1. What FRET efficiency comes out for the pair residue 283/residue 5, r = Cβ-Cβ distance, R0 = 22 Å, nearest 0.05?
2. Pick from 163, 354, 276: which is most flexible by mean-square fluctuation in a GNM of the chain where alpha carbon atoms under 10 Å apart are linked?
3. What does the helix-only formula give at 222 nm for the chain: each DSSP H stretch with n ≥ 4 adding -39500 (n - 2.57), the total divided by the residues, and the result rounded to the nearest 500 deg cm²/dmol?
4. Under the 0.36 nm per residue contour assumption, what length would be gained going from the current alpha-carbon distance of residue 94 and residue 333 to full extension?
5. Order 84-91, 252-259 from most to least packed using the mean count of other Cβ atoms within 10 Å.
6. Where does helix 225-235 land angle-wise versus the long Cα axis of the chain, in degrees 0 to 90, nearest 10?
7. What does the highest-first list of 59-65, 266-272 look like by mean Cβ count within 10 Å?
8. For the residue pair residue 166 and residue 147, what label-to-label distance in nm results when each label sits 7 Å from Cα along the Cα-to-beta-carbon direction?
Ligand code: AMP
Ligand code: MG
């Protein structure tokens with residue numbers, strides 16, 4: 001038996017970040033930069049108006065109000081020949097338009113009668129009022145996005161604003177998911193005796209996508225060594241990672257163990273955890289592609305994904321940290337855990353009176369998929385702890401998966 005930490009350390013020592021790729025900005029959403037993005041020019045690029053109104057010389061409004069000024073021109077956002085504001089005159093200006101030479105403030109439309117040839121101004125403004133200064137957001141030469149930054153909507157907008165249509169990022173790992181089991185059929189199939197629906201390949205493909213991967217569900221492979229081997233070999237060309245479920249324990253038809261033990265560097269271990277004890281991991285094929293042999297019980301498969309596969313995928317995509325956020329919460333019910341094993345208990349996390357509380361949503365059976373689907377977090381009970389009393393503090397891994 002090895003510990004969770006030993007197994008994870010072995011995995012993380014073998015997988016490495018994928019080579020960087022130049023991607024179109026929107027294709028890079030959710031990816032991590034492998035370069036600094038530097039602004040070649042300031043933002044805003046020129047002094048411009050923050051409001052629709054009138055570009056004035058503030059001194060012209062200092063001698064008593066209201067003031068009526070002749071309007072000598074109009075300037076909208078967009079290219080225009082530069083205008084000049086002489087003392088005692090003004091120019092009608094729109095939001096985002098370049099500030100005319102000579103003007104030092106903008107009077108918003110709301111403070112005027114809105115006149116076109118002459119305008120009556122009812123309120124004074126300070127010099128500089130309602131002007132967006134060149135460079136007040138970003139100076140030329142600023143690193144606006146550092147290497148390692150995750151590209152969400154605001155970061156993508158900023159990259160575009162400084163002129164980038166492409167960026168260098170770590171690509172999303174391509175993950176191929178295979179379920180093994182001669183009892184498995186596709187959802188919607190009428191079940192014969194002993195048959196069950198393949199839930200794992202759907203759950204694991206979805207989990208890989210949630211982790212930022214490009215995931216392909218290959219589906220069901222029966223418990224036949226030759227079929228499994230040829231399926232895996234066929235999939236190697238498009239996979240950065242392979243995931244199988246089922247067939248890793250000690251049963252007579254545990255075909256994943258049988259096939260993968262013979263090729264590559266795959267190793268099968270008993271890991272001191274609950275659920276998810278049997279685990280296979282190693283590399284196969286000409287490119288040493290990492291392969292995870294996860295257990296077949298649906299909860300074991302998903303928890304194993306959380307604990308081992310997700311960190312590996314996050315490392316490959318260049319994310320740091322690899323782990324889910326952890327918080328401390330109080331359990332509303334007593335919890336128990338197998339001796340010497342790290343338990344991952346399915347719970348619902350809520351905030352009560354400003355503090356995190358967790359309530360178990362499922363028994364401990366690794367086949368209880370409905371309980372897993374009600375959970376929005378996992379309580380981690382350490383190896384040396386067997387009982388946790390109601391009211392005690394526990395460590396909680398926050399899942400993204402939605403729960404009621
Ligand atoms: P195994 O690890 O192959 O012995 O499978 C353990 C248990 O999980 C058995 O009850 C299987 O029927 C079940 N199981 C295996 N694969 C899947 C799957 N893809 N979807 C749902 N249940 C599965
Ligand atoms: Mg099986």
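Taken together, the values in this text are just the output of simple stated rules run on the coordinates, not laboratory data. Given the structure is predicted, the values throughout are model-derived calculations rather than measurements. When we count neighbours, we look across all protein chains shown, and the Cβ atoms used for this are built from the backbone with ideal geometry, even at glycine.
1. 0.60
2. 354
3. Here the helix-only value at 222 nm equals -4500 deg cm²/dmol.
4. My answer for the length gained is 79.8 nm.
5. Packing order, densest peptide first, comes out as 252-259, 84-91.
6. 20
7. Going by the mean number of other Cβ atoms within 10 Å, highest first, we get 266-272, 59-65.
8. 2.0
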